[in-house]
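Taken together, the values in this text are just the output of simple stated rules run on the coordinates, not laboratory data. None of the values given here were measured: they were computed from a predicted structure. Note that we place each Cβ from the backbone using ideal geometry, even for glycine, and neighbour counts take in every protein chain shown.
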Amino acid sequence: MGKFDKQHLIKVLGTVAGKDVLRKAVPIISQQIISAAKYYMGVPDGKYFSSTDFPESVVTAKKAYITLNTIMGGETAEADRFREGKKQIPELFTPLGVEKMLTLFTHLYCFGSGSQEAIDCETVRACRQTEVSEGVSFVGPLTSTTKLSVDEIMQLGYGNKNGLAICFYNFHEGACLFDMELLGNDYLKPEEREVLLLMKNKLVACCQGYDNRYLGKDGQPALIYTIDVYQPEFEPIVETQQELESVVYCPQTIEKVRDFYVALNGEGDFPEIPDYYKEWKSCFQKLVFLEIQKLV
């Protein structure tokens, strides 16, 4: 997103009328927001990553969210996806690719922060048990939930995970969401009725026990959670933007990160996570949060 475009959106979001306009007329305000949403949801329109700058594997990627969620995930994110055979996209890791990934999250927040009223329905998500815990937590990677029923998401294959958890979400005022159905004709997967739960929303989860009706990839019953979702909260970031950018955009570090993601697509044992990657990932997440705090 260009600086003028971003500042314009921030100004628009500063007014009640602006928030309502952005929520209802997002296609008019920013095609980039739509393209970012499509790219994350696996239906790229070929506009977010340009074919002049990136290979076809990036431009038309239908599962880029695997890599995006790995970067924004917790300590087990890389191992979880490796053991499930989920393929990463190492070609995303160029200086421009890193910048585009970071601004993708900012684009989605431009929309989400303009939709502050509580959503009037519940949503459901099938995920790994390592990705949810009882009590208070905060959204790390973007979370795709759906207005479909549990039976419907299981039929679509979303329960194909080891250590399956099924979460039922209830939304409260101020929760930051991206309801894909509001994109109208620009939403290319209407049958999935997705609602993105954006990063740093506060979650309060309550475990309801196991449900033998729903089995994960490992044949074990799903653990059921009810989760209340509240407005985002951000912890202070001690590093300056310049300090974070010096790590995140370092060409030599990005090249090594790309090599690590190539290794994540390999066979055999899970590759050891190098220290440089842990630092880079932490700085990337902090830089994302630093940017989106300006929008909420």
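Mind telling me which of P271, P90, P232 comes out most flexible in a GNM of the chain, alpha-carbon contacts under 10 Å?
With Cα springs under 10 Å in the chain, the top fluctuation among P271, P90, P232 is at P271.
Going by how many other beta carbons lie within 10 Å of each one, how would you line up M154, M199, fewest first? Working shown, then result.
Working: M154 19, M199 23.
By the 10 Å Cβ count, ascending, the order reads M154, M199.
Note down the relative contact order for the stretch 123-232 as a percent, whole number, built from C-alpha pairs under 8 angstrom at least six residues apart.
Numbers: 255 pairs, mean separation 41.6, N = 110.
The value is 38 percent.
Taking the mean number of other Cβ atoms within 10 Å as a proxy for protection, how do you rank 233-241, 104-112, 220-228 from highest to lowest?
Final packing ranking: 104-112, 220-228, 233-241.
Determine how many Å³ per residue the convex hull of the Cα atoms of the stretch 104-183 encloses. List each step's numbers first, then the result.
Numbers: hull volume 9.3 nm³, N = 80.
Measuring per residue, one finds 117 Å³ for the Cα hull of the stretch 104-183.
Could you check the simple spin-label distance between Q242 and Y65, using points 7 Å along Cα→Cβ, in nm with one decimal?
Label at Q242, label at Y65, 3.9 nm between them.
Once the other residues with Cβ under 14 Å from the Cβ of G42 are scored (Lys, Arg +1; Asp, Glu -1), what is the net sum?
Numbers: positive: K38, K62, K63, K86, K87, K189; negative: D45, E191, E192, E194.
Every neighbour counted, the sum reads +2.
When every alpha-carbon pair in the chain is counted, what percent end up more than 24 Å apart? Could you put the intermediate results ahead of the total?
Working: 22640 of 43660 pairs.
Value for the chain: 52 percent of Cα pairs lie more than 24 Å apart.
Pairs K87/K281; K217/K256; K100/K278; K147/K202; K38/K161: which exceed 22 Å Cα-Cα? Write out the running numbers ahead of the final one.
Working: K87/K281 18 Å; K217/K256 33 Å; K100/K278 20 Å; K147/K202 20 Å; K38/K161 24 Å.
Result: K217/K256; K38/K161 exceed 22 Å.
With just the Cα atoms of the stretch 123-232, tell me how far they stretch along each of the three principal axes, in Å, largest first.
For the stretch 123-232, the Cα extents along the three principal axes come out at 37, 31, 18 Å.
Counting other Cβ atoms within 10 Å, keep those with at most 15, restrict to DSSP loop, and tell me which trypsin sites (Lys or Arg not before Pro) in the stretch 28-85 are left. Please report the intermediate quantities before stating the final value.
Details: sites: K38, K47, K62, K63, R81, R83; in loops: K47, K62, K63.
Answer by residue number: K47, K62, K63.
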